[in-house]
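For reference, the structure is listed below as structure tokens.
Values quoted throughout were computed directly from the atomic coordinates according to the rules given, and no laboratory measurement underlies them. Note that the structure is a prediction, hence the values are computed from the model and not measured. Cβ coordinates were reconstructed from backbone atoms using ideal geometry, including for glycine residues, and neighbour counts include every protein chain displayed.
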Amino acid sequence: MKIAEPHLCRVDAAQGLLLGADGHYRKTYDDLSGLYADTQAFEALLSERRGQVAYEVTSYTPGEKVSDLIVGVARMEPGKVGDEFFLTRGHIHANADRPEVYVGQAGRGLMQMESPEGEVRIVEMTAGSVCYVPPYWIHRSVNVGDDDLVMMFAYPADSGQDYGIIERSGGMRVRIVDDGKGGWRQVDNPHWRPRSPEAIARIYDEGGAAA
């Protein structure tokens, strides 16, 4: 039996890169239209930063089986749109019973999570923090600091991503905004729509769990 060869990568926290990666993608501010509550503030930001990178991911994929682990590093710029902190698009895994692990490397951020039923969990991330995102949780990263947020991650290679689940519900249930005291607070998203029992059941059924 031929087994896979080991592979060495290195995390460059200063640059926010995985050295030895075989995958690299970037999201520009143009790609983030519709994510923020203050559309006028976003258009003003876009006029200054059109085409610039908002966040980027470098990753290594050893294979496509559930037993393979994709590892990578994500780097996100600091800043706000109005009073709302910069964030990633967020997703649930297409195979929703797949977990993910995040390890803080630099900066100060949050892992914002939401269950299919709409329960909210928020974990603060700093260098050395380890966040386990269990199966079935929608998740996104939020940069609440003044520097780049850099995190390493790992997840099963067959997980896939469903980015549309957030858009279909009008966003995530809460938004993360500046509290005016150097910190953050969560506020309800008035546009959020609960998922139907049928939609929730599909998430669990397709992931192999009983709803």
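Table for the structure above
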| read-out | value |
| --- | --- |
| Selected from Tyr102, Val130, Trp192, residue furthest toward positive end of dipole (region 79-200; charges at beta carbon) | Trp192 |
| Residue of Pro190, Pro156, Pro99 that the Gaussian network model of the chain assigns the largest fluctuation, springs spanning Cα pairs under 10 Å | Pro190 |
| Only Lys, Arg (+1) and Asp, Glu (-1) charged, at Cβ; the chain dipole about Cα centre in debye | 80 |
| Backbone HN-Hα couplings from phi across region 40-54 [Karplus 6.51/-1.76/1.60, Hz, Gly and Pro as x] | 5, 5, 5, 4, 5, 4, 5, 5, 8, 10, 4, x, 7, 7, 8 |
| Helix-only CD estimate at 222 nm, as mean residue ellipticity for the chain, using -39500 (n - 2.57) per DSSP H run (n ≥ 4) | -3500 deg cm²/dmol |
| Karplus-derived HN-Hα couplings along region 99-104 (A = 6.51, B = -1.76, C = 1.60, θ = phi - 60°), whole Hz, x at Gly and Pro | x, 8, 10, 10, 10, x |
| Estimated dipole of region 54-176 in Debye, rounded to 20 [Cβ of Lys and Arg +1, of Asp and Glu -1, Cα centre] | 100 |
| 5 Å binning of all Cα-Cα separations within region 27-185, expressed as whole percents from 0 upward | 2, 9, 18, 22, 22, 16, 8, 3, 1, 0 |
| Positive-pole candidate from Gln40, Ala201, Ile165, dipole of region 10-207, charges at beta carbon | Gln40 |
| Length-normalised contact order for the chain - Cα pairs under 8 Å, 6+ apart - percent | 21 |
| Exposure proxy ranking, count of Cβ atoms within 10 Å, fewest first, for Trp192, Trp184 | Trp192, Trp184 |
| Residue exposure sequence - His91, His139, His24 - by fewest surrounding Cβ within 10 Å | His24, His91, His139 |
